[in-house]
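Peer 1: My structure is below; once you've seen it, I'll send some questions.
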Amino acid sequence: MDPTILAAAAINGLLLGGMYTLVASGLTLIYGVLHIINFAHGSMLMLAMFGVFYLLTKFGIDPYLSMLVMVPAMYGLGYAIYKGVIGRLSSGRDENILLITLGLSILIENIALMLFKGDSRTISVSYSDTMIELGPTLVPLPKLISFAVAMLLCAALALFIQRTDTGRAIRAVAKERVGARLVGIDVDRIFAISYGIGLATLGAAACLLMPIFYVSPTIGHVFVLVAFTVVVLGGMGSFLGAVVGGMIVGLTESFGGLFLGESLGQIGISLIFILILLLRPSGLFGARR
Amino acid sequence: MNSQLQPVPWKLHLAVLAAALAFPFVFPSNFAVNFGVLALFYAFIGQSWNMAGGFAGQLSFGHVAFFGAGAYASTILQLRFGMSPWAGLPAAALAGALVGGVIAVLSFRAGLRGSYFALITLAFAEVLRIIANSTDLTGGGLGMLIPMKAGAANFQFAERSGFYYLILLLTLLSVALAEWLRRSRFGARLAAIRENEESAMALGINVFAEKVRVMLLSGALCGVGGCFFAQYFLYIDPTIVFGVDKSVEMLLVSIIGGAGTVYGPLIGAVLLALASEGTRAITQVPGLSLVLYGALLVLIIAYLPNGLIDLFKRRPQPRKETR
């Protein structure tokens with residue numbers, strides 16, 4: 001096959017991987033700390049994307065600028081949902097948290113369906129169609145930006161977890177809940193903060209995705225299984241894993257589409273997911289548990 | 001959990017059965033009978049989920065894999081190989097059991113539990129959806145349309161009540177199986193596994209074999225559900241029969257009613273049918289029934305962790321004679 005086509009597919013795959021990394025970074029944090037799978041992740045992304053959509057169409061705020069609004073708003077929402085719903089109602093049992101996040105996602109998605117109907121919405125901004133020449137191919141500028149910010153975001157999260165006091169407390173809670181409580185860490189608050197940060201990354205992701213994607217009430221489905229794959233592949237709780245996992249998944253999708261066709265090409269992601277769960281459930285960079 | 005429930009008195013059994021049998025006569029309208037069929041259908045697939053997810057505690061998010069396997073197996077045999085749709089029922093059971101067995105052997109061999117098991121079942125269902133979406137045998141994304149040919153020999157009843165009594169029979173069968181699970185040693189071993197796998201192993205239970213067995217059973221039932229679905233709606237496509245929505249429906253019906261109980265899925269099913277048909281009758285807005293159901297799930301987990309059936313749980317009777 002023509003090497004330029006392969007190179008173009010590789011670039012495309014990496015950019016796609018950047019998008020998946022964006023969505024998965026918050027999921028891996030939530031899993032790493034709370035040890036739960038946040039089934040509401042996709043529907044929260046959808047909410048954030050509608051937020052970006054209306055900030056632009058109603059108030060004329062540029063998607064990238066609306067990050068200043070969406071990130072704190074999603075953090076607040078996450079903190080409140082944890083304190084008000086998940087933490088309070090789950091009685092601390094893991095499978096209950098899983099089912100409550102499932103219930104929340106059903107609830108949010110269908111409320112959105114009632115309010116916004118099933119249509120997809122897109123936005124157009126002046127730079128939507130700006131193309132940049134990258135080796136053998138042209139790529140849209142917003143895709144490059146989202147890729148760059150995804151990398152920065154993961155680096156920032158990793159630094160935050162490693163260097164700040166709150167980050168240390170989060171790591172302590174992730175490793176040993178009882179011990180963390182004994183040294184005076186408010187475990188419940190750390191849970192709420194982690195969930196808040198997890199959703200805050202979705203706020204950023206929504207701002208970066210909106211110029212290159214569309215939004216509909218079921219948009220979460222597009223990302224949710226892929227995001228789980230990235231998180232499990234990279235190792236739950238690892239930001240480096242989210243980057244590497246995102247790249248592998250993006251490349252798989254891109255080359256799968258190239259060689260197997262659009263429909264069958266999607267199978268690669270699910271197969272990777274199954275294989276990694278069967279062979280190495282701790283993922284590439286995850287601590288063995 | 002379930003063992004603490006008082007046995008349901010046989011009079012109540014008879015009354016519910018009589019009401020179920022009389023239902024199409026008392027409410028002969030298409031709307032009412034369709035409602036009955038849907039409620040029983042939810043009960044049947046909810047019960048199939050309940051075998052693995054409730055009695056054995058293996059939380060699955062991908063039961064739709066068995067459902068779709070059954071739907072496609074029976075429809076392919078009928079449309080591509082000209083077999084009678086009735087032969088599709090056992091074929092669907094076989095297909096569901098096969099898929100259930102393969103998933104179970106692979107994931108339980110790898111020691112997957114809890115949320116990992118939930119995720120891998122989801123992924124298997126997705127693989128099947130993509131395959132069904134991309135091959136000619138299954139009709140690809142366009143799905144398969146079963147031509148109308150009325151006649152009981154053709155699995156197409158002139159009266160909707162024919163479907164009603166068929167799914168009633170299937171549901172009774174699934175309830176009988178659940179009741180057997182509750183009483184049998186097999187069911188007791190599953191309960192031990194659900195409560196604590198390590199202790200079950202220490203008791204000498206072959207945890208792997210028991211879990212595979214229950215997945216075969218659950219998969220077979222769910223496959224039959226898929227065959228019924230295809231024959232009732234006369235149309236299947238990959239998104240409908242392999243989509244995550246059906247998995248969630250089965251799980252909701254079972255958990256909201258009461259997972260691991262014999263009658264929980266029946267309660268959950270009637271409620272889901274009421275919510276979906278009731279809201280559809282009142283308003284054209286899509287999604288309202290699932291809003292109710294999602295809220296209910298959160299509330300149930302919080303306040304009635306054993307499901308709605310707890311509301312019907314009778315307080316233990318004071319003993320008349322003391323020992």
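Only the coordinates and a few stated rules stand behind these numbers; no lab work does. This is a predicted model, so every value here is computed, not measured. No Cβ is skipped: glycine too gets one built from the backbone with ideal geometry, and neighbour counts run over all protein chains shown.
Peer 1: Give me a single rounded figure for A:79-89: the average over its residues of other chain Cβ atoms within 10 Å of their Cβ. Can you show the working numbers first?
Peer 2: Working: counts 0, 0, 0, 0, 0, 0, 2, 1, 0, 1, 5.
Mean shielding by partner chains, rounded to a whole number: 1.
Peer 1: Follow-up. Multiplying the sequence separation of residue B:312 and residue B:26 by 0.36 nm and subtracting their Cα-Cα distance, what value in nm do you get?
Peer 2: Roughly 100.4 nm would be gained on extension.
Peer 1: Pick from A:169, A:24, A:242: which residue has the top mean-square fluctuation in a GNM of chain A where Cα pairs under 10 Å get a spring?
Peer 2: Of the options given, A:169 has the highest mean-square fluctuation.
Peer 1: On to the next question. For residue B:59, list long-range residues whose amide hydrogen, built 1.01 Å from N in the peptide plane, is under 5 Å from its own amide hydrogen.
Peer 2: HN-HN under 5 Å from residue B:59: B:114.
Peer 1: Moving on to the next point. Please list, or write none, the aspartates and glutamates whose alpha carbon is within less than 19 Å of the alpha carbon of residue B:11, excluding same-chain residues fewer than 8 places away.
Peer 2: Cα-Cα hits under 19 Å: B:179.
Peer 1: Sticking with this structure for a sec: Grab the eigenvalues of the alpha-carbon gyration tensor for the stretch A:53-186, scale each by 5, take roots, and send me the semi-axes largest first in whole angstrom. Write down the numbers at each step before the final one.
Peer 2: Details: eigenvalues 246, 118, 38 Å².
Listed largest to smallest, the semi-axes of the stretch A:53-186 are 35, 24, 14 Å.
Peer 1: Out of the chymotrypsin sites (Phe, Trp or Tyr not before Pro) in the stretch B:205-299, which ones are loop residues according to DSSP with at most 15 other C-beta atoms within 10 Å? Walk me through the numbers on the way to the answer.
Peer 2: Numbers: sites: B:208, B:228, B:229, B:232, B:233, B:235, B:242, B:263, B:293; in loops: B:263.
Filter output for the stretch B:205-299: empty list.
Peer 1: Let me ask something additional. With no solvent and one equal point scatterer placed on each C-alpha of the stretch B:159-296, evaluate the Debye formula and give log10 I(q)/I(0) for q = 0.09, 0.14, 0.18, 0.20 Å⁻¹, two decimals.
Peer 2: Result of the Debye calculation: -0.35, -0.81, -1.21, -1.37.
Peer 1: Pick from B:130, B:236, B:193: which is most flexible by mean-square fluctuation in a GNM of chain B where alpha carbon atoms under 10 Å apart are linked?
Peer 2: Per the Cα network of chain B with a 10 Å cutoff, B:130 tops the list.
Peer 1: Can you compute the modelled spin-label distance between residue A:68 and residue A:130, with each label point 7 Å from Cα toward Cβ, in nm?
Peer 2: Each label point is offset 7 Å from its Cα along the Cβ direction, giving 1.9 nm.
Peer 1: Here's something else I'd like to know. Give me the aspartates and glutamates in straight-line cross-link reach of residue B:246: C-alpha distance below 18 Å, same-chain residues under 8 apart excluded.
Peer 2: A:109, B:126, B:237, B:277
Peer 1: In addition: Once all Cα-Cα distances of the stretch B:206-245 are split into 10 Å bins that start at 0, what whole-number percent is in each one?
Peer 2: 26, 39, 23, 10, 0
Peer 1: Suppose we take every Cα in the protein assembly as shown and form the convex hull; what volume per residue is that in Å³? All intermediate terms of the calculation are to be shown ahead of the outcome.
Peer 2: On the way: hull volume 107.3 nm³, N = 612.
Looking at the protein assembly as shown, the number lands at 175 Å³ per residue.
Peer 1: D for the stretch B:1-111, whole µm²/s, Stokes-Einstein with Kirkwood Rh over alpha-carbon pairs at 25 °C and 0.890 mPa s: what number? Show your work: numbers first, answer last.
Peer 2: Working: Rh = 16.9 Å.
The Stokes-Einstein estimate is 145 µm²/s.
Peer 1: Now, a different point. What trypsin sites (Lys or Arg not before Pro) does the stretch B:62-153 have in DSSP loop regions with at most 12 other beta carbons within 10 Å? Walk me through the numbers on the way to the answer.
Peer 2: On the way: sites: B:80, B:109, B:113, B:129, B:149; in loops: B:113, B:149.
Listed in order of number, the matching sites are B:149.
Peer 1: Now a separate question. Mind telling me which of B:215, B:250, B:144 comes out most flexible in a GNM of chain B, alpha-carbon contacts under 10 Å?
Peer 2: Taking springs between Cα atoms under 10 Å, the residue moving most is B:144.
Peer 1: Using alpha-carbon pairs under 8 Å, 6+ residues apart, how would you state the relative contact order of chain A in percent?
Peer 2: 37 percent
Peer 1: Let me ask you something else. Restricting attention to the alpha-carbon atoms of the stretch B:51-177, what are Rg (one decimal) and Dmax (integer), both in Å?
Peer 2: In Å, with Rg to one decimal and Dmax whole: 16.5, 49.
Peer 1: Beta carbons within 10 angstrom, averaged per residue: use that to sort the peptides B:121-127, A:148-154, highest first. Numbers along the way, then the final one.
Peer 2: Details: B:121-127: 25.3, A:148-154: 18.6.
Ranked from most to least packed, the peptides come out as B:121-127, A:148-154.
Peer 1: If you wrap a convex hull around the Cα atoms of the stretch B:2-312, how much volume per residue is inside, in Å³? Each step should come with its number before you reach the end.
Peer 2: Values: hull volume 41.8 nm³, N = 311.
In the stretch B:2-312, the Cα convex hull volume per residue is 134 Å³.
Peer 1: List the residues, sorted by chain then number, that are 5 or more residues from residue A:134 or on another chain and whose placed amide H is less than 5 Å from its amide H.
Peer 2: Under 5 Å from the amide H of residue A:134 lie the amide H atoms of A:139, each far enough along the sequence or on another chain.
Peer 1: Where the centre of each part is set by its Cα atoms, how far does the stretch B:202-261 sit from the stretch A:63-95, in angstrom?
Peer 2: If you average the Cα positions of each part, the centres end up 33 Å apart.
Peer 1: Using just the alpha carbons, could you tell me how many Å³ per residue the convex hull of chain A encloses?
Peer 2: On the way: hull volume 38.4 nm³, N = 289.
In chain A, the Cα convex hull volume per residue is 133 Å³.
Peer 1: Just tell me how shielded B:114-127 is by partners: mean number of partner chain Cβ atoms within 10 Å of each residue's Cβ, no decimals. If you can, show how the numbers build up before the last one.
Peer 2: Values: counts 5, 11, 5, 1, 5, 10, 7, 1, 6, 13, 3, 2, 9, 7.
Mean partner-chain Cβ count within 10 Å for B:114-127: 6.
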